[in-house]
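Quick notes on the structure that follows.
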Amino acid sequence: MSISVDTFFLNPQFQGTLQSQIQQMIAEGILSGRFRQGEKLPSTRKLAKHLGVSRITVTLAYTELLANDYLSSRGRSGYFVSENAPEPPPFHAVRQNGDMVDWSRAIGRRYTGGDTPRKPIDWAKFKYPFIYGQTDASLFDHANWRLCAIQALGQKDFAALTTDYCDQDDERLVEFIVRHTLPRRGIVARPEEVLVTLGAQNALWLTAQVLLTQRRTAAIEDPCYHALRDILTQSRCHLVPLPVDRDGLPPHAIPPETDVIFATPSHQCPTTATMPMSRREALLDRARELDALIVEDDYEFEMSFLNAPSPALKSLDKDGRVIYVGSFSKSIFPGLRLGYLVGSESFINEARALRASVLRHPPGHTMRTAAYFLSLGHYDALIRRLRIGLKERREIMQEAIHEHGLTIAGQGAHGGSSLWMRAPQGTNTEHLYNALQAKGVLIEPGRPFFYGDHRPNEFYRLAYSSIPTNRISDGIRIIAEELNR
């Protein structure tokens, strides 16, 4: 790698010759770790022209650094940072200018300190990653995704690649959502009622910003998706957590002052409970009675390998009070960050305007690549492959759990990619997480999913979407052994 000439600047206040300043500039770059061993420096002619000094001045500085083994010369190839150059010191460089701002007073609103935990970036290096929402390279259709990405870069799609989608979305992607994805959930919508988002979490954030104020009340499931609770907490609305049961959110518990109800009826997060049809009707009746809106997060409906998924709540909505949140990031890969909102055109217009103010729009190339992947049939083939793989892994996991005496607290009636587990009373699964991590096992403690100060500690989630089939049994055995300790 070559070091850019643009990283070199002369200091007019430097006390010393130009040669010594250039020499010090390069030595400090090496000692600070900015210039690394083996990297090529600009030629003496190029650096001299950039700095506005004579070439001999730069040559003399390079020669001195060469003598001190900071640099090495490779014939006509030029000058490089020497393999024997001093190593950067094992401490962080001190800022030259002090930070005199009192940030405890300067920061008007805080967004740190929420419940959403950080997943290990190197999760794939663990031997037993029972971790949710990651991509399994053995199941993903990388070859066809690459071909779709190349196709989206073609001249024919130049407009899709370069267009400023401030007040619109990729028409091919929206067409697929309207004509193929939504009808599978029993939903009929017009393109004007669909907004493409940067994943489901961005869709939930946009919805909360448009619908909620400090005077309005939101009802959420407890436990629930921790990122949603962080979003609602940041919105400063009144928050009412409602404990879920085996059928999900109980409509009768929704208080009369509620303005917006957030629910995951098809696949409750994280307990995986499926709301029966009678309760869905009751939820819609309760929302109508309160004149409240419902935000339906319909994540993982594609992973229904045991039975056909239940109709979406929005498909039963006759009043237009359900706002539907969908995502391709769960089924394709999380780094895709593509989701969508479906709702009344008036709501979508406001959400689109907010999206334009914050992030303008999702990248055109990403949307067109996804549109090709979906419309050419690769997506459906991927879903079939995922369902077969997940079904096999779930069966193996359930057998291992039964063999080792672990307790399942919730498992999706239609499928999914995880099991909601309960450890023996008194177990702290955050301590269990730390102990298992040292043994190459990753689980998800359940505490962040719950609301309040007195949260249960014995729940945890085991996902089977990213762990190889032949490692599931051994991983469950290690978990059981650690729990028995």
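Is it the case that L283 is surrounded by fewer than 18 Cβ atoms within 10 Å (Cβ to Cβ) and of a type in the set (A, V, I, L, M)? It is false that L283 is surrounded by fewer than 18 Cβ atoms within 10 Å (Cβ to Cβ) and of a type in the set (A, V, I, L, M). Go through segment 242-268 residue by residue and tally those that are in a strand (DSSP E or B), crowded, with 16+ Cβ neighbours inside 10 Å and in contact with an Asp or Glu (Cβ under 8 Å, 6 or more places away or on another chain). So the count comes out to 4.
State whether one or more residues within segment 304-325 are more than 30 Å from E395 (Cβ to Cβ), assigned to a loop (DSSP other than H, G, I, E, B) and among the hydrophobic types (A, V, I, L, M, F, W, C). No - not one qualifying residue is present in segment 304-325.
Taken over segment 353-367, the residue count meeting the criterion of being crowded, with 22+ Cβ neighbours inside 10 Å and either more than 22 Å from G154 (Cβ to Cβ) or not assigned by TED's automatic domain parsing to the domain that holds V196 (or both) is 1.
Within segment 153-174, restricting attention to residues that are in contact (Cβ under 8 Å) with a residue 12 or more places away in the chain and part of a helix (DSSP H, G or I), the residue that is nearest to V342 (Cα to Cα) is V174. Checked against the criterion of being modelled with pLDDT under 95 and touching a Phe, Trp or Tyr at 6+ places or on another chain (Cβ under 8 Å), the candidates Y460, Y372, Y451, Y464 yield just one match: Y464. Please specify each residue of segment 431-454 satisfying the condition of being of a type in the set (A, V, I, L, M, F, W, C) and surrounded by fewer than 20 Cβ atoms within 10 Å (Cβ to Cβ). Across segment 431-454, the qualifying residues are A435, A438.
Out of curiosity, is R76 more than 30 Å from T17 (Cβ to Cβ) and modelled with pLDDT under 85?
Taking the combined requirement at face value, the residue does not satisfy it.
Of the residues examined, C237 is not one that is outside the structural domain of R422 (by TED's automatic domain parsing), buried (at least 23 other Cβ atoms within 10 Å of the Cβ) and within 27 Å of the chain's Cα centre (by Cα).
Scanning segment 410-431 for residues that are small (G, A, S), under 26 Å from P311 (Cβ atoms) and at pLDDT 90 or above gives a single hit, S418. Listed by first and then second residue, the pairs with beta-carbon distance under 7 Å, at least 6 apart or on different chains, first residue in segment 245-264 and closer than 13 Å to R280 by Cα, second in a loop (DSSP other than H, G, I, E, B) and not aliphatic (A, V, I, L, M), are D247/P276; G248/P265; G248/Q268; T264/Y299.
Cβ-Cβ contacts under 7 Å between residues 6 or more apart (or on different chains), taken from a first residue in segment 177-202 that is assigned by TED's automatic domain parsing to the domain that holds R352 and in a helix (DSSP H, G or I) to a second residue that is among the acidic types (D, E) and surrounded by fewer than 21 Cβ atoms within 10 Å (Cβ to Cβ), are listed as E192/E345; E193/E345.
Can you tell me which residues in segment 124-150 are exposed (fewer than 13 other Cβ atoms within 10 Å of the Cβ) and touching a residue at least 60 places away in the same chain (Cβ under 8 Å)? S138, the sole residue that qualifies. For T469, the conditions (1) out of contact with any Lys or Arg (no Cβ under 7 Å at 6 or more places or on another chain); (2) over 18 Å from I408 (Cβ atoms); (3) surrounded by fewer than 15 Cβ atoms within 10 Å (Cβ to Cβ) all hold with the exception of (1). For segment 238-245, the criterion of being of a type in the set (D, E, K, R) and within 20 Å of A208 (Cβ to Cβ) is satisfied by no residue at all.
Yes/no per residue for (1) basic (K, R); (2) not assigned by TED's automatic domain parsing to the domain that holds D245:
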| position | (1), (2) |
| --- | --- |
| T369 | no, no |
| K391 | yes, yes |
| M397 | no, yes |
| I401 | no, yes |
| H404 | no, yes |
| H414 | no, yes |
| W420 | no, yes |
| E430 | no, yes |
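What tally of residues in segment 156-192 results from selecting those that are basic (K, R) and exposed (fewer than 15 other Cβ atoms within 10 Å of the Cβ)? Qualifying residue count, segment 156-192: 4. Within the set S54, S77, the sole residue that is in contact (Cβ under 8 Å) with a residue 12 or more places away in the chain and either loosely packed, with under 10 Cβ neighbours inside 10 Å or farther than 30 Å from P334 by Cβ (or both) turns out to be S77.
Residues in segment 413-459 that are in contact with a Lys or Arg (Cβ under 9 Å, 6 or more places away or on another chain), small (G, A, S) and assigned to a loop (DSSP other than H, G, I, E, B) were compared, and the one that is nearest to Y132 (Cα to Cα) is S417. Would you confirm whether or not segment 342-354 contains a residue that is of a type in the set (F, W, Y) and in a loop (DSSP other than H, G, I, E, B)? No, every residue in segment 342-354 fails to be of a type in the set (F, W, Y) and in a loop (DSSP other than H, G, I, E, B). Only a single item in (1) surrounded by fewer than 22 Cβ atoms within 10 Å (Cβ to Cβ); (2) polar (S, T, N, Q); (3) more than 20 Å from L206 (Cβ to Cβ); (4) touching a residue at least 12 places away in the same chain (Cβ under 8 Å) is not met by S344, and it is number (3).
Restricted to segment 218-234, and to residues there that are crowded, with 22+ Cβ neighbours inside 10 Å and of a type outside the set (A, V, I, L, M), the residue that is nearest to the chain's Cα centre (by Cα) is Y225. In the set A381, A400, only one residue is of a type outside the set (S, T, Y), more than 25 Å from the chain's Cα centre (by Cα), part of a helix (DSSP H, G or I) and surrounded by fewer than 22 Cβ atoms within 10 Å (Cβ to Cβ); that residue is A400.
The values are calculated or read from the model by the stated rules, or taken from the named source; none is laboratory data. As the structure is a prediction and not an experimental result, all values here were calculated from the model. Virtual Cβ from ideal backbone geometry, glycine too; neighbours counted across all protein chains shown.
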